[in-house]
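The values are calculated or read from the model by the stated rules, or taken from the named source; none is laboratory data. Bear in mind the structure is a predicted one, so any value in this text is a computation, not a measurement. Here the Cβ positions follow ideal geometry from the backbone for every residue, glycine too, while neighbour counts run over all protein chains shown.
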Amino acid sequence: MDQPELKTRGNPMSSPVTDASQPPARSRGRRPTAKSLTPFGYLSPTLILILVLMVIPIVMVISYSFKDNVIVERNPVFTGLANYATVLTDPTFLTAIKNTLIFITISTAAHLVLGLTFAMLLNTTVLGGVTKAVFRIIYILPWLFTIAVVAVIWRLMLDPYGVVNYILTSVHALQEGVDWLGSPSTALWAVTFINIWSGYPFFMISLLAGLQGISTDLYEAAAVDGASPVQKFLHVTIPQLRPVLISMAVLDLIWTSQQFALIWMTTGGGPLGATEMLSTYTYKQAFSSYEFSTASASAVIVLLISMILALFYVRQQRVR
Amino acid sequence: MAQSGAKLLKRLLGAATAVVLLGTAACGGSGSSESTDSSGTVTLEFAQWWAPELPEGSFDQLIAEFEQQNPNIKVKALSAPYASTKQQLVSGAASRTLPDVVGLDGAWVNDFAKQGALADMTSIMAEAKYDPKELVSQVQLEGKTYMIPVVNFVYPLFVNEDLTAKAGVKKVPTNRTEFMDAAKKTTALGGNVSGWALPLDTAVPVGVQNDVMSWLWASGGSMLTPDGKPNLTSPEMQSTVEYIKSLNDAGVIAPGSLTMKEQDKVEKFTNGQVAMVIDSLAHVTLIKKNNPKLKFSINPIPATDGYTGKRGLPYASWGIGIAESSEHKAEAFKLVQFLMSQKTNSQLSTLANGFPGNNTSEPDLSKSDPLFKTAFDIYKQSVPTNEFVGMAKSEDLMRSFDENLQLALTDKQSVTDALNKSQQAWSSLN
């Protein structure tokens with residue numbers, strides 16, 4: 001009697017309870033099926049939504065990327081990897097990859113540094129509650145504007161005759177006004193700057209929450225050990241914030257790589273392709289050239305890049 | 001337990017199936033099956049960007065009038081700004097779910113027609129026994145009409161009279177030399193004033209059509225061969241682009257042109273930062289509203305020195321078409337006929353500050369701005385020209401030309417190279 005019991009316990013996949021009153025074959029056939037399907041019944045509304053809104057569109061785009069002249073032609077033909085070859089050998093696409101890399105890495109790094117700096121300023125014990133509340137509102141303002149408003153504001157400010165040039169020439173930082181968004185040498189840096197400005201408050205708020213969650217005991221213990229403020233920052237603050245920092249950085253890389261509206265409304269990918277991103281390239285392929293197949297191929301490449309980043313994010317979350 | 005579990009599962013699956021079926025039925029219902037109700041009333045969907053650009057409520061009034069005349073037809077107006085309408089129609093054309101009647105820009109027609117999304121209006125007109133001789137123009141592809149221009153908007157030269165007077169420009173420039181002279185003099189006024197604005201933003205590259213090709217068309221030139229093939233290497237085209245480059249080299253073009261959008265151009269003219277622009281007549285109201293003190297005139301676009309022929313005048317249209325997928329093409333054409341009728345077309349063009357698509361209609365000039373009357377005179381003396389209308393992938397054509405022009409203006413390639421490369425790009429697209 002002992003041996004079969006041990007065997008059952010030793011196998012976690014087997015049923016722990018056996019109803020002796022029913023024939024074993026029948027009990028195995030009906031009850032587990034009903035039981036295992038019940039959760040799917042509960043989940044079905046969500047599953048259907050995911051299927052309709054995510055799985056089907058993604059599968060369709062992937063299938064489009066292997067066909068020729070989809071949507072425009074009623075009977076597109078299978079072309080294998082031809083669209084991928086077209087996209088990957090298109091110099092504009094390669095420029096878009098380079099620009100996107102520069103745009104997302106600099107944006108994310110600046111978001112982290114600025115977000116952490118402002119979060120620490122707002123977390124300080126030196127300032128009073130009212131002062132901190134006022135600064136909190138000021139610092140968060142850029143995040144409250146929709147991207148269309150951000151684009152309009154900065155287009156006006158960075159106009160060759162705009163406020164920025166006026167100030168810079170008035171204080172003699174510049175000899176003459178710079179065409180920030182219209183010059184190929186400055187446009188990418190200008191849109192990156194605008195993106196940094198509009199995105200840092202989200203980092204600031206998240207990191208502030210993280211900072212407020214760090215136990216004061218740790219700082220007190222560090223103080224007892226004679227740690228300097230820099231040492232406290234490096235050995236208490238940063239290690240405690242690391243999970244938040246990494247998650248935020250990965251999420252920001254994904255979000256920024258999909259930034260379309262800001263680029264479209266400020267430079268449209270120009271001048272001379274200086275701010276062409278993967279998102280603007282894909283849009284132009286689809287809605288201007290009506291090349292939905294190459295647009296799909298480009299979109300699938302962006303999806304793969306995003307999935308790699310998402311994988312890092314999920315792994316980070318699992319480690320936590 | 002087993003039985004109750006099975007029952008629960010059955011119920012859940014039943015409920016889920018019902019939800020799916022209801023959803024499917026609802027989706028189906030929003031399509032064609034509901035467009036005719038039990039009383040035989042047909043509901044037409046009409047997507048356009050016109051209503052937001054007309055005085056408030058005036059478009060609805062016209063539609064109400066149509067519904068009164070046709071009690072068995074209801075019109076559901078789907079109104080959105082131009083750019084949103086375009087995006088909706090691009091996806092609608094791709095999925096063959098275009099609304100029954102669609103507002104069209106001539107630049108979209110070729111692509112939509114080739115996708116089989118637009119109905120052949122020639123046969124619909126024949127079935128309705130409609131005589132098209134009243135129509136000013138029709139946009140055709142292989143002999144079949146796919147779009148009828150309802151209202152036309154022209155792009156004349158707007159001149160800020162205060163700035164030109166201050167700069168000592170005696171008369172409005174009529175040829176390229178005079179224009180260069182006027183642009184130089186107004187730029188020399190300083191204080192952030194430039195002679196001309198050239199919006200070359202590549203996101204919406206219409207500047208190529210309105211601000212570049214307009215110079216070619218004004219001098220009777222063409223960007224196409226007689227059989228409709230690209231002809232960008234012609235001496236006329238070369239001279240046009242050389243001229244624009246000379247304006248750029250003379251520093252008379254407002255800075256920021258490589259990413260300047262059309263609205264920036266209008267804004268700079270309104271603010272008195274630019275002395276002359278080629279702009280849509282539709283913007284007169286906006287300019288006057290934003291700067292009531294601005295004194296400006298409307299003039300023909302300057303031609304090459306010594307040119308005496310008829311001048312081409314760029315135009316854009318509010319066009320109309322019928323979806324191939326529509327189940328009510330005859331009713332849809334009744335709406336088209338109504339909008340193209342002498343009375344309605346006069347009314348609509350007056351409201352829109354445009355010129356009628358029906359050649360027997362006359363805009364009511366007594367109620368409109370005096371500038372509008374001047375523009376109507378210019379319109380009657382010119383040849384309304386827009387060679388991008390009906391061309392395939394016209395936005396792409398403009399963009400490739402735009403990018404090459406930008407390289408020429410920034411001295412990264414010669415004008416000849418820019419035109420040769422544009423010619424190659426256009427030939428591969430058409």
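Those residues that are polar (S, T, N, Q), assigned to a loop (DSSP other than H, G, I, E, B) and under 24 Å from the mean Cα position of the chain (by Cα), I need them from region B:231-256; list them, please.
B:Asn231 - this is the single residue of region B:231-256 that is polar (S, T, N, Q), assigned to a loop (DSSP other than H, G, I, E, B) and under 24 Å from the mean Cα position of the chain (by Cα).
Just to verify a result, which residue in region B:288-328, among those that are over 25 Å from B:Val136 (Cβ atoms) and basic (Lys, Arg), is surrounded by the most Cβ atoms within 10 Å (Cβ to Cβ)?
The qualifying residue surrounded by the most Cβ atoms within 10 Å (Cβ to Cβ) is B:Lys288.
Say we look at region B:385-422 and pick out the residues that are among the β-branched types (Val, Ile, Thr) and over 25 Å from B:Val154 (Cβ atoms); which of these is farthest from the other protein chains (Cβ to nearest Cβ)?
Among them, the one singled out is B:Thr416.
Which of the helices (runs of 4 or more DSSP H) found entirely inside region A:117-194 contain at least 2 residues meeting this: in contact (Cβ under 8 Å) with a residue 24 or more places away in the chain and among the aromatic types (Phe, Trp, Tyr)?
A:129-144
Does region B:83-104 hold any residues that are in contact (Cβ under 8 Å) with a residue 40 or more places away in the chain and either within 11 Å of chain A (Cβ to nearest Cβ) or surrounded by fewer than 23 Cβ atoms within 10 Å (Cβ to Cβ) (or both), and which are they?
Passing the criteria: B:Ala83, B:Gln88, B:Leu89, B:Gly92, B:Arg96, B:Thr97, B:Pro99.
Picking from B:Asp377, B:Asp364, which residue would you name as being assigned to a helix (DSSP H, G or I), away from chain A (no Cβ under 14 Å) and surrounded by fewer than 18 Cβ atoms within 10 Å (Cβ to Cβ)?
B:Asp377
Identify the single condition in (1) buried (at least 18 other Cβ atoms within 10 Å of the Cβ); (2) β-branched (Val, Ile, Thr); (3) touching a residue at least 40 places away in the same chain (Cβ under 8 Å) that B:Thr177 does not satisfy, given that it satisfies every other one.
B:Thr177 satisfies all of (1) buried (at least 18 other Cβ atoms within 10 Å of the Cβ); (2) β-branched (Val, Ile, Thr); (3) touching a residue at least 40 places away in the same chain (Cβ under 8 Å) except (1).
Suppose we keep only residues that are modelled with pLDDT under 90, surrounded by 17 or more Cβ atoms within 10 Å (Cβ to Cβ) and under 25 Å from B:Met398 (Cα atoms) within region B:115-138. Which one would you say is farthest from the chain's Cα centre (by Cα)?
Filtering region B:115-138 for residues that are modelled with pLDDT under 90, surrounded by 17 or more Cβ atoms within 10 Å (Cβ to Cβ) and under 25 Å from B:Met398 (Cα atoms), the one farthest from the chain's Cα centre (by Cα) comes out as B:Gln115.
Restricting to region B:300-339, name every residue that is hydroxyl-bearing (Ser, Thr, Tyr) and in contact with a helix residue (DSSP H, G or I) (Cβ under 7 Å, 6 or more places away or on another chain).
B:Thr304, B:Ser317, B:Ser326 - these are the residues of region B:300-339 that are hydroxyl-bearing (Ser, Thr, Tyr) and in contact with a helix residue (DSSP H, G or I) (Cβ under 7 Å, 6 or more places away or on another chain).
Among the residues of region A:224-255, which ones are among the aliphatic types (A, V, I, L, M) and either touching a Pro at 6+ places or on another chain (Cβ under 7 Å) or exposed (fewer than 14 other Cβ atoms within 10 Å of the Cβ) (or both)?
Within region A:224-255, A:Val224, A:Val230, A:Leu234, A:Ile238 meet the criteria.
Among the residues of region A:256-283, how many are away from chain B (no Cβ under 14 Å), buried (at least 18 other Cβ atoms within 10 Å of the Cβ) and not hydroxyl-bearing (Ser, Thr, Tyr)?
Count: 2.
What helices (runs of 4 or more DSSP H) completely inside region A:228-320 contain at least 2 residues that are of a type in the set (Phe, Trp, Tyr) and modelled with pLDDT under 90?
Helices (runs of 4 or more DSSP H) meeting the threshold: A:292-319.
Yes or no, residue by residue, for (1) within 14 Å of another protein chain (Cβ to nearest Cβ); (2) modelled with pLDDT of 95 or more; (3) touching an Asp or Glu at 6+ places or on another chain (Cβ under 9 Å); (4) under 30 Å from A:Leu188 (Cβ atoms):
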residue	(1), (2), (3), (4)
B:Val169	no, no, yes, no
B:Met180	no, yes, no, no
B:Asp201	yes, no, yes, yes
B:Lys229	no, no, no, no
B:Thr240	no, yes, no, no
B:Met260	yes, no, yes, yes
